[in-house]
Amino acid sequence: MPTLTKLYSMAEASEHNTKEDCWVVIDGKVYDVSSYMDDHPGGDDVMLDVTGKDATDDFEDAGHSKSARELMEKFFIGEIDPSAPAIPKLETVSKQPSNTSQKVMDFAKHYWALPVAIVGVSVAAGFLFLRKK
């Protein structure tokens, strides 16, 4: 006898949007990842950012491993009811200041060799040019 899968509406899934009660929807399946928030390699912010919407694209873009996909099954609680009305996608404006400068600094810390090499070559070329005059 087949097991019955619990069906949820997207609106119902979107109500579970805190660190203590977090559901994500991937490929029409609903996962209660509340107990995994502290263990997620990308941090709990990543998971909280995708609550209340279909997170399939975000999940695929992150390039999750086979073991991550297998681990997901542990958190499976049901599926999205295809007959339930979808909630509209809302655009929100964040009241938090942009952390673009922090991202630039993090990028620079990881990829410092290229700018240093460019500056080094420029200085060497300048000395050679001035020396020939």
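Looking at the chain as a GNM with Cα springs under 10 Å, which of V46, V25, V104 has the largest mean-square fluctuation?
Taking springs between Cα atoms under 10 Å, the residue moving most is V104.
Taking DSSP loops as anything outside H, G, I, E and B, show the longest stretch in the chain free of chymotrypsin sites (Phe, Trp or Tyr not before Pro) there with at most 11 other beta carbons within 10 Å.
Longest stretch, sites excluded: 1-110.
Please determine, in degrees from 0 to 90 and to the nearest 10, the orientation of helix 100-110 with respect to the longest principal axis defined by the Cα atoms of the chain, where the helix direction is its Cα long axis.
That helix lies at roughly 60 degrees to the long axis.
Tell me which of V46, S34, A113 sits at the most positive position along the dipole axis of the chain, charges placed on C-beta atoms (Lys, Arg +1; Asp, Glu -1).
Value computed over the given set: A113.
Taking the chain as the reference, fit the longest principal axis to its C-alpha atoms, fit the long axis of helix 113-132 to the helix C-alpha atoms, and give the angle between the two in degrees, 0 to 90, nearest 10.
20 degrees
Specify the residue with the greatest mean-square fluctuation among D106, D57, D49, computed from a Gaussian network of the chain linking alpha-carbon atoms under 10 Å apart.
D106
Over the chain, what is the percentage of antiparallel beta bridges among all DSSP beta bridges, to the nearest 5?
Around 75 percent antiparallel, to the nearest 5.
Let me have the 222 nm mean residue ellipticity of the chain computed from DSSP H runs of 4+ only, each contributing -39500 (n - 2.57), with the sum over all residues rounded to the nearest 500.
Helix contribution divided over all residues of the chain: -12000 deg cm²/dmol.
Please compute the net charge surrounding P82, taking Lys and Arg as +1 and Asp and Glu as -1 over other residues with Cβ under 13 Å from its Cβ.
-3
Given 10 Å bins starting at zero, what is the percent of C-alpha pairs of the chain in each, up to the one with the largest pair distance?
Bin by bin from 0 Å, the calculated values are 10, 30, 24, 14, 9, 8, 5, 2, 0.
If I build a Gaussian network model for the chain, linking alpha-carbon pairs within less than 10 angstrom, which residue out of S35, S14, S101 has the largest mean-square fluctuation?
Largest GNM mean-square fluctuation: S101.
The numbers here are math on the coordinates, done by the rules we state, and not lab data. Since the structure is predicted, the reported quantities are computational estimates derived from the model, not experimental observations. All Cβ positions, glycine included, derive from the backbone under ideal geometry; neighbour counts span all protein chains shown.
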